Amino acid sequence: MKCRSCGGKAVVNMRHHKLALCKEHFLEWIPAQTERVIEKYGMFTRREKILVAVSGGKDSLSLWDILQRLGYQADGLYIGLGIDEGISYSAESQRIAENFAAAHGLKLRVLEIQREYGASIPQIAQETHRGRDKPCSVCGIVKRHVMNRIARDLGYDVLATGHNLDDEASTLFGNTLSWSGEYLLRQGPVLPETPGLARKVKPLCRLYEREVLAYALLRGIEYIYDECPFAVGSTSIYYKELLNKMENDRPGMKLAFYLSFLDARRNGFFAERTHLQAELHPCPNCRQPTSAPGKCSFCRMIERITETNFQRDESR
Amino acid sequence: MVKLILRKQEYEVRPGMSLRDALKKLGILPEGIIATRDGELIVEDEILKDGDEIILVMAISGG
């Protein structure tokens, strides 16, 4: 198979684009595509300060690499979740993120959940009803809260995450199966800034996960290959596998699914329920918006942890 | 023979097959992986040679 640009040996074939490229042209094509997406959705400009949520995985590190190659001002934020599970998952992810930042002369901010809030993600999950079976939902709440807090407190204009097309299509698939209208309404490449919430963007949302992987490999980016031990067997991975089966038979299906959803949303297919929007109010503790009256779920979880730690210390 | 490795699982196919046919025979979807040989990325029409060791890198991650 030959590179469409130069006729050299192709190293990546993208059936959905009917496009095969050599290493050199693929490594030019990915940033060019990302730049197009940034401009198309008005994500940010070169004058704005970007905070990239960096997990140590291929997607977030590739995003950070692409943004710095494109000349954007992007710092990284690594959140230490305290997940060990016998493979030092968090410690290894942090090492990789720190090495990447050092090698590229980039600024990485590190926040460790245990140090900041007195308990790791598995410990918080253990103490709360929500996460007892599986800590993923607790992890999601904590990460969203922390990313938003750091972005606002440190004066970043925008928070960027490494979500790729497969992430977006599988989330969309799950939300469609359950007709989760509120989630469908909020899913998109850009979540505009609202009182208490920083603008959030997903510059890789139109790149297949496989393309991001190829980019990471070809750029020689070291990333954590092991799956988060708690994500093994997760529903999102199951949906990705199902979508890949369809993609295999109908190349382009995942991209069409996502883009037609964005078109439908733009055309008003998912109506805004204004009374629900009006019910959002700031948490009295952290000021981030919450749907239920009183403290937000993050602050309630942390309160519980603080109380448990206090009782434990008292009984010693 | 040709050895293909996905995570810690090893598979063998006969030489002379294309990567596409090898993956089909093993029931592995090309959409979910990138194949490498000696550290270089290869595409589906690559003919696999005797003694090749193909590392299949999983693309899917999530939680």
Please verify whether segment A:136-158 includes one or more residues that are open to solvent by 10 Å² or more (accessible area, probe 1.4 Å), more than 25 Å from A:Gly56 (Cβ to Cβ) and assigned to a helix (DSSP H, G or I). no
Does A:Thr176 fit the bill of being more than 10 Å from chain B (Cβ to nearest Cβ), under 24 Å from A:Ala151 (Cα atoms) and of a type in the set (Val, Ile, Thr)? no
Within segment A:282-316, count every residue that is of a type in the set (Lys, Arg) and surrounded by 13 or more Cβ atoms within 10 Å (Cβ to Cβ). 4
Scan of segment B:12-43 for residues that are over 9 Å from the mean Cα position of the chain (by Cα) and open to solvent by 60 Å² or more (accessible area, probe 1.4 Å), ordered by number: B:Glu12, B:Arg14, B:Asp21, B:Lys24, B:Lys25, B:Gly27, B:Asp38, B:Gly39, B:Glu40
Could you check segment B:21-63 for strands (runs of 3 or more DSSP E) lying wholly inside it with 2 or more residues that are out of contact with any Cys (no Cβ under 8 Å at 6 or more places or on another chain) and more than 8 Å from every other protein chain (Cβ to nearest Cβ)? B:33-37, B:53-58
Quick one: would you say A:Leu61 is more than 10 Å from chain B (Cβ to nearest Cβ) and surrounded by 17 or more Cβ atoms within 10 Å (Cβ to Cβ)? yes
Take the residues in segment A:125-142 that are over 16 Å from A:Pro229 (Cα atoms) and more than 20 Å from the chain's Cα centre (by Cα), then tell me which one is modelled with the lowest pLDDT. A:Arg130
Which of the residues that make up segment A:163-187 are open to solvent by 30 Å² or more (accessible area, probe 1.4 Å), closer than 30 Å to A:Asn285 by Cα and without any contact (Cβ under 8 Å) to a residue 40 or more places away in the chain? A:Tyr183, A:Arg186
In segment A:253-269, which residue that is open to solvent by 60 Å² or more (accessible area, probe 1.4 Å) and part of a loop (DSSP other than H, G, I, E, B) is nearest to the other protein chains (Cβ to nearest Cβ)? A:Phe269
Just to check your reading of the model, which residue among A:Gly76, A:Gly118 is of a type outside the set (Lys, Arg) and on the phi > 0 side of the Ramachandran plot? A:Gly118
Considering only residues that are part of a helix (DSSP H, G or I) and basic (Lys, Arg), look in segment A:78-130 and name the one that is farthest from A:Ser60 (Cα to Cα). A:Arg130
How many of the residues making up segment A:188-205 are open to solvent by less than 10 Å² (accessible area, probe 1.4 Å) and either polar (S, T, N, Q) or under 14 Å from A:Ser60 (Cα atoms) (or both)? 4
Name the single residue that is surrounded by the fewest Cβ atoms within 10 Å (Cβ to Cβ) among those in segment A:206-252 being more than 7 Å from chain B (Cβ to nearest Cβ), under 20 Å from the mean Cα position of the chain (by Cα) and among the aliphatic types (A, V, I, L, M). A:Val232
Pick from segment A:40-58, criterion surrounded by 17 or more Cβ atoms within 10 Å (Cβ to Cβ) and in a loop (DSSP other than H, G, I, E, B), ranking: nearest to the other protein chains (Cβ to nearest Cβ): A:Gly57
For segment A:1-26, what are the residues that are in contact (Cβ under 8 Å) with a residue 60 or more places away in the chain and open to solvent by less than 30 Å² (accessible area, probe 1.4 Å)? A:Val11, A:Val12, A:Met14, A:Phe26
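The values are calculated or read from the model by the stated rules, or taken from the named source; none is laboratory data. Quick caveat: nothing in here was measured; it's all calculated off a predicted structure. Every residue, glycine as well, gets a Cβ built from its backbone with ideal geometry; the counts of neighbours run over all protein chains shown. When the accessible area is computed, the model is the full protein with side chains, heavy atoms only, and any ligands, DNA or RNA have been set aside. Shrake-Rupley method; radii C 1.70, N 1.55, O 1.52, S 1.80 Å.
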